[in-house]
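Working notes, beginning with the structure itself.
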Amino acid sequence: MVTMETFAESEARYQAGEARHRARSAALARELCSARRNGLPAGGANTAIHSGLEGAEPRHRLDVRAFRHVLHIDPERLTADVEGMATYEALVDETLGYGLLPAVVPHGKAVMPGATSGLGIAASSFRHGLARDSIRKMEILTGTGDLVECSAECHPELFFAVPHAAGTLGCPLRLTVRLVPAAPYVYLTHTRFRAADVFIAYLAHLSAEASADFVEGAIFGPGGMYTTEALFAEGGPEVSDYTSPGGYGASIQRHPNDWLTTRGYVRRWETAAGWHDNPADARPDLASPAWNSRAGRCLLRFSRKLLPHAARSVDALPEVALPIARAAEFCQCLLAERDMPPVWVCPFRTGERAADPYTLAANQLWVHFGFRGEDSAIFPAGRYHRLIERAAAAAGGVKVSGEWAAPWSVQDQARYDWLKRTYDPDGVFPSLHAACMGQQ
């Protein structure tokens, strides 16, 4: 635990951070308004992520990389105020000092808007929902140049739409995130299953029982399906460390029980060797399910923009979500395919959000399937894409990722069009179709 500040010290630091944030926000708003007067559309939330493809329309680059600070932790209200480009890693480092953790941590190195977009998900999502469900309030720089503070009570239509708008309605400059009490360590129990229906049934049981703090699964092949239930703990006899190459995924298959620090648990999937029995076989750009999440792909695109000479043969497989009742059927289709890449399986519960434009049925338990990426040098191009999409559709699932995905398959187009006319009438930011196609 960190040495706690006095109230006066904390308040002074908070006020200083607030003043700097307000100055940065006002300057960025002026910059956007100036570009708008000159007729230039904006490039979105980050100069690197939204620098555009060859032949794309020239855009003014809004650089929000300075918005990376954790502004304030409120241990009484269990909230944290962070800027839009702060990473979950930075937030976790701050909150653990108070014995707290964000309710949902999709991927430590992901920036807040990327991780809270769409199906930002983690092993706590069976209990706390998606990452977007843990956001209490946002400050958005809209296409009109206004700084709009929104929440479930204030501008709710914008608040619920931004996580699914891929930066096309505005830039999130500040977020208020819900926190939960955390212990210093996490105790894990891995259970192996050989039948898909029993595997999914046990995930459903763990989610309904809700006695664990974290629940997830992994599929390594026929006869190799594992559930992992994890509980906060005050200590353990021997603590593992998978933040350096060592193979968390391999440990799932070898050890029925494990102890990690809470920080180590949050970062368990960041090691590329995690999906492999043999760490030497690991592919650092593909192996972790976190890298194949929406936030992970955002970071991969970011690195490729910074390094345009890098190879572009990697094609991330689509993520899909299925109702729990049909998830075993989908698993059976996957297991029937030879050489199917490993799969991260994560149950999550949708809430009651009438204003939410995402079309997943509310108040239900769903299962998210995230795949190791596909490399065309190893697998036939498009083979697993087509298989996953067909199998998910046949089992009543929804494709929730993929740059070429049709956005209106999971969103309300009429509502989005109204929001675009309201908050970005001049098309300062890209269209949702262009964003989904990566044409930003």
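The values are calculated or read from the model by the stated rules, or taken from the named source; none is laboratory data. Treat the numbers as computed from the prediction; the structure is a model and nothing was measured. All Cβ positions, even for glycine, are placed from backbone atoms using ideal geometry, and neighbour counts span all protein chains on display.
Determine whether the stretch 144-160 contains at least one residue that is closer than 22 Å to residue 217 by Cα and among the aromatic types (Phe, Trp, Tyr).
In the first step, residues of the stretch 144-160 are kept if they are closer than 22 Å to residue 217 by Cα; the result is none.
There is no residue in the stretch 144-160 that is closer than 22 Å to residue 217 by Cα and among the aromatic types (Phe, Trp, Tyr).
For residue 190, the criteria (1) buried (at least 20 other Cβ atoms within 10 Å of the Cβ); (2) in a strand (DSSP E or B) hold in every case but one, which is (1). Can you give me the number of residues within the stretch 389-433 that are buried (at least 20 other Cβ atoms within 10 Å of the Cβ), modelled with pLDDT of 90 or more and assigned to a loop (DSSP other than H, G, I, E, B)? Result for the stretch 389-433: 1. Could you tell me whether the stretch 152-168 includes any residue that is farther than 28 Å from residue 318 by Cα and in a helix (DSSP H, G or I)? Yes, because at least one residue in the stretch 152-168 is farther than 28 Å from residue 318 by Cα and in a helix (DSSP H, G or I). Taking the stretch 165-178 as the range and being on the phi < 0 side of the Ramachandran plot and crowded, with 22+ Cβ neighbours inside 10 Å as the test, the residues that pass are 165, 168, 169, 171, 172, 173, 174, 175, 177. Output the residue which, of all residues in the stretch 102-124 that are more than 10 Å from the chain's Cα centre (by Cα) and crowded, with 24+ Cβ neighbours inside 10 Å, is farthest from residue 365 (Cα to Cα). That would be 102.
Could you tell me whether any residue of the stretch 119-128 is outside the structural domain of residue 266 (by TED's automatic domain parsing), under 21 Å from residue 412 (Cα atoms) and outside any helix (DSSP H, G or I)? I'd like the intermediate steps shown before the answer.
Kept after step one, since they are outside the structural domain of residue 266 (by TED's automatic domain parsing), are these residues of the stretch 119-128: 119-128.
Subsequent filtering for residues that are under 21 Å from residue 412 (Cα atoms) retains 119-120.
This time we only want the ones that are outside any helix (DSSP H, G or I), so: 119-120.
Yes, there is a match, as at least one residue in the stretch 119-128 is outside the structural domain of residue 266 (by TED's automatic domain parsing), under 21 Å from residue 412 (Cα atoms) and outside any helix (DSSP H, G or I).
Restricting the stretch 144-158 to residues that are farther than 19 Å from residue 85 by Cβ and not charged (D, E, K, R) leaves a set whose member that is surrounded by the most Cβ atoms within 10 Å (Cβ to Cβ) is 158.
Comparison of 236, 224, 249 shows that the only residue that is outside the structural domain of residue 103 (by TED's automatic domain parsing) and either among the hydroxyl-bearing types (Ser, Thr, Tyr) or more than 21 Å from residue 337 (Cβ to Cβ) (or both) is 236.
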